[in-house]
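The values are calculated or read from the model by the stated rules, or taken from the named source; none is laboratory data. This is a predicted model, so every value here is computed, not measured. Glycine gets a Cβ as well: all are built from the backbone with ideal geometry, and neighbour counts include every protein chain shown.
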Amino acid sequence: MDFKKTIFLKLSLLLFLTSCSQNEASRFEFALGTFCTITLFEQGQASIYNNIFTRLNEIENLMSVNILSSDISRVNAAAGIEHIQVHEETFKVIERAVFFARLSGGAFDPSVGPLVSLWNIGKDNQQVPSRNEIEKILPLINWRNIELDKNSNSVYLKVKGMALDLGAIAKGYAADESVKIIKRSNTPRAIIDLGGNIVVLGEKKDKSLWKVGIQNPEKDRGETIGYVQIPEKTVVTSGVYERFFEENGNRYHHIFNPSNGYPAHNGLLSVTLITDVSMDADALSTAVFVLGYNEGIKLLNFFPGTEAVFIFEDKSIITTQGIDFFLTDNSFSVKQNIF
């Protein structure tokens, strides 16, 4: 091999190795049925991103109702027939879901699966069911008929036709699991965005607080009404804009009131919770949205340190006292702060 070819090959190898060793500031992939973005800034090693997205896919494979081999699909298929042993983490998430169902009086209910399937919001065959269709399946929506055996990690749905859906809690669990991976890697700062479930970790380089935008519930995703300034926290929103369709001038969104079978309608456009555990924030935001402002505030009293931003249909905003919220859209107005 002549000298010039040797130099060219060495330079090519050097460039290849250099490009392979460069860190990614951020990575964007589809997982958990949504678009997920993980940002690790200057510490963004490919191996860490790979570990996170592998973990997200593992959770999806265990807890998705759209994967026939998942734990949840197996439990649903055996409703009214037999107990099904599930993985320990699936059991943990179902157990926590039942806890929030009990605490919220059923405003959050993981057995809402039949309603989700009946309406099919966000899918090609979405529809407004008849009152008779809804009445027929309402008896299947009852968290009290979920039987858990912690000794064997088994789950039994007592009534045939029941179905679990962990869509309102599993993403929060996945966010918490992503946090564990990032902390183990000693990454100093990060942002996790699992389709709206946000976690900010560590400190910004300039030591200032993180700014997390609050979605404008009347606009396209990414358009905000303002932002909160927070240290390391999770920010989770439940709102009418996430998945919906319109028919005859009415908007039908995906957050159902388990007591009547229809999308919750109580004057709220969205509820954003700011706290420490994303799984809890995920379930709580749904429960509070369904309960409405007055009853939702009572539920939040059980979780000291949890802050909230309520956005109402009349374009007013109420925040809890302990959060720094900054309004940037003057078509909305901050009405008051509460304790």
message: If I filter the stretch 310-326 for residues that are small (Gly, Ala, Ser), over 22 Å from the mean Cα position of the chain (by Cα) and either modelled with pLDDT of 95 or more or over 19 Å from Leu209 (Cβ atoms) (or both), do I get at least one hit?
response: yes
message: Filter the stretch 77-116 down to the residues that are within 22 Å of Ile59 (Cα to Cα), touching a residue at least 12 places away in the same chain (Cβ under 8 Å) and loosely packed, with under 14 Cβ neighbours inside 10 Å and list them by number.
response: Glu88
- request: Please tell me if Leu138 is in contact with a Gly (Cβ under 7 Å, 6 or more places away or on another chain) and surrounded by fewer than 18 Cβ atoms within 10 Å (Cβ to Cβ).
  value: yes
Complete set of residues in the stretch 55-72 that are farther than 27 Å from Ile181 by Cβ and part of a helix (DSSP H, G or I): none
statement: The strands (runs of 3 or more DSSP E) lying entirely within the stretch 108-220 that contain at least 1 residues which are within 25 Å of Cys36 (Cα to Cα) and modelled with pLDDT of 95 or more are 189-194, 197-202, 210-215
field: Matching residues in the stretch 1-44 - criterion: being small (Gly, Ala, Ser) and either closer than 30 Å to Tyr173 by Cβ or modelled with pLDDT of 50 or more (or both)
entry: Ala25, Ser26, Ala31, Gly33, Gly44
message: Can you pull out every residue in the stretch 296-328 that is touching a residue at least 40 places away in the same chain (Cβ under 8 Å) and surrounded by fewer than 17 Cβ atoms within 10 Å (Cβ to Cβ)?
response: Phe302, Glu313, Asp314, Asp324, Phe326, Leu327, Thr328
Residue among Gly226, Gly172, Gly161 that alone is surrounded by fewer than 22 Cβ atoms within 10 Å (Cβ to Cβ), touching a residue at least 40 places away in the same chain (Cβ under 8 Å) and closer than 30 Å to Ser259 by Cα: Gly161
- prompt: With respect to Ile48, is the statement that it is at pLDDT 95 or above and exposed (fewer than 11 other Cβ atoms within 10 Å of the Cβ) true?
  reply: no
Scan of the stretch 166-180 for residues that are basic (Lys, Arg) and more than 8 Å from the chain's Cα centre (by Cα), ordered by number: Lys180
- prompt: Hey, among the residues in the stretch 251-280 that are buried (at least 24 other Cβ atoms within 10 Å of the Cβ) and in contact with a Gly (Cβ under 6 Å, 6 or more places away or on another chain), which one's farthest from Asn197 (Cα to Cα)?
  reply: Ser270
message: Residues that are farther than 27 Å from Leu140 by Cα, of a type in the set (D, E, K, R), in contact (Cβ under 8 Å) with a residue 40 or more places away in the chain and part of a strand (DSSP E or B): does the stretch 268-290 have at least one?
response: no
task: Collect the residues in the stretch 73-106 that are of a type in the set (Ser, Thr, Tyr), in a helix (DSSP H, G or I) and farther than 13 Å from Leu148 by Cα, keeping them in residue-number order.
output: Ser73
query: surrounded by fewer than 23 Cβ atoms within 10 Å (Cβ to Cβ) and in contact with an Asp or Glu (Cβ under 6 Å, 6 or more places away or on another chain) - does that describe any residue in the stretch 284-294?
result: no
